[in-house]
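Report on the following structure.
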Amino acid sequence: MLIFLVGFMGCGKSTVARGLSQLSDYDFIDLDQRVCQLASTQSVAEIFATLGEAEFRRLERVAIETLPREGNVVVATGGGAPCYGDNMELLNSMGKTVYLKMSPLALRDRLLHVRIVRPKIVGLGPEELLDYVTATLTEREPFYGRASVVVDCDNIPSRTIISRLRYLTKSR
Ligand code: S3P
């Protein structure tokens, strides 16, 4: 079974996906890393800088389409991945989708420390970052909201979220 974690940048997709995969003896795949492999680059920032966002989104789609269909895998998707074309429908057809839901304020506070490696928010100050998160989350919520499971993550440690999601991998 494939489990896809979706949600905004900074909501903890990679940490939760990695933890859940370890606990459940599932494989772990980071979709951004797959995109980097397709582009033969080291980082998402490099793809944005050299090839542009449209090419990043094209490769992101290819990365989804070429994921293994067999086996047990937890996939951490990129924050924008479900929100382009019919990617969310594709994810829903391939496996179980889980939205790690977080408020704009909580996301902003987490992203303040890691904005340097994220091309969409690099260089934004605290207020601009909050504006960006609020506006972009409003656009993206309709896509994230189509996930089959929604988990409220504000003020909840990753290990608690991982144990709350454990039932997904236990029943198989
Ligand atoms: C993006 C989120 C990033 C990465 C790229 C674009 C976005 O993934 O795919 O920088 O548009 O929200 P994370 O959510 O893992 O940071």
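The values are calculated or read from the model by the stated rules, or taken from the named source; none is laboratory data. The shown structure was predicted, so the numbers you read here are calculated from the model rather than taken from an experiment. A quick note on method: Cβ atoms are made from the backbone with ideal geometry, for glycine too, and the neighbour counts reach across all protein chains shown. The area values use the complete protein model at the heavy-atom level, side chains included, leaving out ligands, DNA and RNA. Shrake-Rupley method; radii C 1.70, N 1.55, O 1.52, S 1.80 Å.
Brief remarks on what is shown
- D27, sole failed condition from (1) touching a Gly at 6+ places or on another chain (Cβ under 8 Å); (2) within 13 Å of the ligand (Cβ to nearest atom): (2)
- A Cβ distance below 8 Å, combined with a sequence gap of six or more or placement on separate chains, defines the contacts here; from region 63-79, residues that are closer than 18 Å to C36 by Cα and part of a strand (DSSP E or B) reach residues that are open to solvent by 10 Å² or more (accessible area, probe 1.4 Å) and within 10 Å of the ligand (Cβ to nearest atom) in the pairs V75/D30; A76/K13; A76/S14; A76/D30; A76/D32.
- Residues (among the aliphatic types (A, V, I, L, M), in contact with a helix residue (DSSP H, G or I) (Cβ under 8 Å, 6 or more places away or on another chain) and within 12 Å of the ligand (Cβ to nearest atom)) located in region 43-63: V44, A45, I47, L59, A63
- Only a single item in (1) within 13 Å of the ligand (Cβ to nearest atom); (2) at pLDDT 95 or above is not met by L105, and it is number (1).
- Residue check, N155 modelled with pLDDT under 95 and among the polar types (S, T, N, Q): yes
- Within region 51-89, being charged (D, E, K, R) and open to solvent by 70 Å² or more (accessible area, probe 1.4 Å) holds for R58, E65, R69, E70, D86, E89.
- Pairing each residue of region 3-14 that is over 17 Å from L67 (Cα atoms) and near the ligand (Cβ under 10 Å from one of its atoms) with any residue that is assigned to a loop (DSSP other than H, G, I, E, B) and charged (D, E, K, R), provided the two are 6+ apart or on different chains, yields C-beta distances under 8 Å for M9/R118; M9/K120.
- Residue within region 32-43 that is free of Cβ contacts under 8 Å to residues at least 40 places away in the same chain, more than 26 Å from I3 (Cβ to Cβ) and surrounded by 14 or more Cβ atoms within 10 Å (Cβ to Cβ) present: yes
- Region 15-24 - residue that is touching a helix residue (DSSP H, G or I) at 6+ places or on another chain (Cβ under 8 Å) and within 13 Å of the ligand (Cβ to nearest atom) and, of those, least open to solvent (accessible area, probe 1.4 Å): V16
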